[in-house]
Amino acid sequence: MDRLPAQDWQRLSALFDELADLPTGEREARLAALQPPELVARLRRMLASLPDEDSTVLVGPIGFEAQLAQALGHGPGQEAHAAQPGDRFGAWCLAELLGEGGMGQVWRAERADGLYQGEAAIKLLREDLAGPGLAARFARERALLGRLTHPGIARLLDAGEQDGRAFLVLEHVSGKSLSDHVRAQDLNLAARVRLLVEVARAVEHAHAQLIVHRDLKPSNVMVDDTGQTKLLDFGIAGLLDDSGQQADSQLTLVSGRRLTPAYAAPEQILGEPIGVATDIYSLGVMLYELASGRLPFGNRGASRTAVEHAVLHGEARRITRSLGAAEPGGPSESGPGRAADAARAAGDLEAVAAKALRRNPAERYASVGAFINDLQRWLNQRPVSVRSEDWRHRTRLWLRRNAALASGGALVLAALSLGLGVSLWQRNEAQASARQSEEVTRYLTELLASANPDKHGGHIPTIFEVLEKSRADLQRRFAGDDLTYIRVLEVLVATYSDMNRHDIAIPLAKDLITVSARHWGDDAEPTLIARLQLARIYTALSSPLQVIALCEPMLPAFAAAREGTELNDQYESMLYQLIVAYAGVARIDDAMATHAKAWPLVQRLYKPSEYEYVYYNSYLFQVRLAEGRLLDAEKTIAATQSSWATAPPHRARFVHRQRMHLWGMEARLGRPGGSIENARALIADIDALMGPGNSSSQRMRADLARHFVELGRYAEAVQVYAEQERRLPPEAAEHPTLRLPRESAALLARALAEPERSAEWLRKARRVADELASSPDISGPPRAEASLAVVRASLRLGDLALAERTLAPLQDLQAQPWLAAHAQLRSRIAQMQGELARARGQREASVPALRQRVQLLDGLQQPQGLPHWRAQLDLAASLLGTPEAAEALRRADTLRPDWLTEHPLDTLRAELGRGQWRPLWAGQL
């Protein structure tokens, strides 16, 4: 289609609005009076897309359902079923109609399958929209939005078709819109900007997933009772339109494409390609409105034509210049109202809004991250990157931050000199930032455009496919432009980490550290933050040695960082990671020393009633577990239960993590809460929240499978591992730190359940052993756990040489000094040494190693349950025929857990009691 000039398009748009509201007869008369003929022909084509008068959807339940019945061809006695309270959609039951629009209805729904209590918002689409391809469209949409796991985004929980009706299940958010919240609370300008920063961070997360919102506005942001912002309607514009119930309905375009002209970028209104700059523009409108109480273009209540004309041809006044002008019609009840201290926006904040509102997308901020950085600079009373200020303004900001030092003429003179120097530096930085912004904008535009199905033979590429196509060319593309390359790497590292593609995220994170050190220096703040980003990845991979190696050297710099800097803001997070890492390698003293630094921070930053305060118990839980204090670990994590029901929605995944910890302890201690049924329910809850195949439910499945192995229920363990493997995403190529422990544990379960397939299992065992020996990234406890599983499987399958070769590195404490303090792992290593000796027919030679195993468990502060009983029974089997055998058996009986109803080893115990020793097959215990 040929593109009209803006002024012609504006006239066409206005005429379309006028004609669309006319009855058919009056419409034809009006068309006949119009000139030129080309304009009339174009209008006729546009009007042809409107529904006929007799097929107009009527507002209200009766008209709406009648329309559905007619569209679906229901005759008399075949009327479509009107949605009503009590109807089931999947696991959800409709409770209350919240709203109704031209595309369907919105209901509040309650969880109805009994797994847990919860609420959701269900959006029912009109039945006449159902078609053969709708299920596939929903599946693609669900997979796309399933990646949006940011706490500031309302999640899409499910989607599907039921009885011919398509539905979407979304997180239910209760609270007030952003405008209503700031007006009701009468928030000052800084508080409003902080809320906008939260919204922008959610948008930034979506952009990292290659998703553009396209309809950012205050009515699409909810603020809950805790003050947490939540962004709504993310990425579903092509499926749903609730214009009938939106707060800004007078400014909402309901025809071909969804947008709100007052917040829409010029390129949206003109129908041109959109990208990340489109959302940045809308954020700029929201910033302007939150500060001044007014829209930068047009007025509330104005016609769509007038608003679009103002956006395309008008110029936004500076925020402070609009403060004295009264809005036509008086103050609006639907806006946020003017901040009482709106005059503070003068200068820097005005400059930030002006850049975000540039008509040319290439002249706006290159990324939402850059927009956020300037808002943070303003909040911290630091110069923003977009305003070349005179030295007086810079000096004033510097003096305000350092008032205590600003005494004496010499210091004033030094401050003035510094301001002049910084001003010159800022000019160069602004020029570099402009070049950088242009490069980033071009890169992101090309990246988003590459997802066009036409470029992939009609196939809609996954986010992973789009990213991979661009990643190969990164170094060449940004050669010589370190700043731009750094910004792109930061986004890619975060994105691949969120996708659980740590195999890609780790080398990119290492590259980020290298480039940052080259540009700023090894000890510069951006380089230290990049190292912390890599440490977070290793924390997710349960690789404590790497976390310690990265974080320990940086501790002094983070601890000494000034308040308000990023290092200071991240200090608490670093301490948390170190507590878990130290616990992972049984460095209990270091873990408790770090706790002594972290706990005062928690008490200062959070109230006892806040979820973050209680969540700190999760870190202490890891320490108690490493100490072998199972009862104390259970008590510590159980203390968090009282906060689960009141935890804010964006902490739901952390609540599930606490539930996983508690289930693991209750399963080990034989509590009712550690049942298999509870484990299955927890897995279902995690999948419902985070989508199938997520890393948390995969970890929970691994915990359940290991529990089955402990109970001697090997076939059930194999089933869980098979289910886990089926749930892995098709493109999954996990990092060895995650993959090898999972493969080795599954191998052990299969070797125990089906030893007759030894040839097949041994081939896999040798491959895993070779990978463990040659993969430098897997070390510490993950490597030890995987190696021990291979050793035990090899013993069960009769390959003693493979068992000895895999066990040897674990016995070298000089090469792995961290193992010396890890009593629980050392006891298992001793177990394998004893079993290897016994498999060679050297029963007496196995006794010292098995005795050491029992002694190490005895040395822990609290009983270890099932492993302790098994270790003592193992020792008794090797002592049979000696004077110590009877006492060893008696002690084994005292260690047998009371809660254990039956176990395969009970048969062995009976045989030993009769003095019937038979060679044990290796790996039995």
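The values are calculated or read from the model by the stated rules, or taken from the named source; none is laboratory data. Computed from a prediction, not measured in an experiment: that's the story for all the values here. So basically every Cβ, Gly included, is an ideal-geometry build from the backbone, and we count neighbours across all protein chains shown.
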Which one of these is basic (Lys, Arg), at pLDDT 85 or above, in contact with a helix residue (DSSP H, G or I) (Cβ under 6 Å, 6 or more places away or on another chain) and under 18 Å from Met286 (Cβ atoms): Arg201, Arg192? Arg192
So which pairs qualify, if the first residue must be in the range 101-127 and more than 30 Å from Asn678 (Cα to Cα), the second must be modelled with pLDDT of 70 or more and basic (Lys, Arg), the Cβ gap must be under 8 Å, and the two must be at least 6 apart or on different chains? Gly104/Lys123; Gln105/Lys123; Val106/Lys123; Leu124/Arg165; Leu125/Arg165; Glu127/Arg165
Any residue in the range 542-556 that is β-branched (Val, Ile, Thr) and at pLDDT below 90? no
Please go through (1) within 26 Å of Gly865 (Cβ to Cβ); (2) surrounded by fewer than 18 Cβ atoms within 10 Å (Cβ to Cβ) for Leu752 and return the number of the only condition it doesn't satisfy. (2)
Considering each of Asp799, Asp777, Asp812 in turn, give the residue that is among the acidic types (Asp, Glu) and in contact (Cβ under 8 Å) with a residue 40 or more places away in the chain. Asp777
Report yes if some residue within the range 281-294 is modelled with pLDDT of 80 or more and not in a helix (DSSP H, G or I); otherwise report no. yes
Check whether at least one residue in the range 166-175 is in a helix (DSSP H, G or I) and within 28 Å of Leu349 (Cβ to Cβ), and report yes or no. no
It is to be established whether one or more residues within the range 781-799 are at pLDDT below 95, farther than 18 Å from Ala746 by Cα and assigned to a helix (DSSP H, G or I). no
When you scan the range 535-576, how many residues do you find that are part of a helix (DSSP H, G or I) and over 23 Å from Gln376 (Cβ atoms)? 16
Would you check which residues across the range 295-307 are in a helix (DSSP H, G or I) and either under 25 Å from the mean Cα position of the chain (by Cα) or surrounded by fewer than 24 Cβ atoms within 10 Å (Cβ to Cβ) (or both) and list them? Arg304, Thr305, Ala306
Among all residue pairs at least 6 apart or on different chains, which show Cβ distances below 8 Å where the first residue, located in the range 210-223, is of a type in the set (Ser, Thr, Tyr) and the second is part of a strand (DSSP E or B)? Ser219/Ser177
Identify, by number, the condition in (1) under 30 Å from Ala820 (Cβ atoms); (2) surrounded by fewer than 16 Cβ atoms within 10 Å (Cβ to Cβ); (3) polar (S, T, N, Q) that Thr594 doesn't meet. (2)
Boolean, Leu357 is farther than 27 Å from Glu272 by Cβ, at pLDDT 90 or above and buried (at least 21 other Cβ atoms within 10 Å of the Cβ): no
Look through Thr445, Thr527 and report the one residue that is under 19 Å from Gly369 (Cβ atoms), modelled with pLDDT under 80, touching a Gly at 6+ places or on another chain (Cβ under 8 Å) and assigned to a helix (DSSP H, G or I). Thr445
When you go through Ala184, Ala159, Ala191, Ala200 one by one, which is the residue that is assigned to a helix (DSSP H, G or I) and within 22 Å of the chain's Cα centre (by Cα)? Ala200
In the range 577-625, how many are outside any helix (DSSP H, G or I) and within 21 Å of Ala638 (Cβ to Cβ)? 5
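Okay, residues lined up against (1) in the same structural domain as Ile588 (by TED's automatic domain parsing); (2) crowded, with 16+ Cβ neighbours inside 10 Å; (3) touching a residue at least 12 places away in the same chain (Cβ under 8 Å); (4) part of a helix (DSSP H, G or I):
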position: Gln824; (1), (2), (3), (4): no, yes, yes, yes
position: Glu835; (1), (2), (3), (4): no, yes, yes, yes
position: Val854; (1), (2), (3), (4): no, yes, yes, yes
position: Leu860; (1), (2), (3), (4): no, yes, yes, no
position: Arg890; (1), (2), (3), (4): no, no, no, yes
position: Thr894; (1), (2), (3), (4): no, no, no, yes
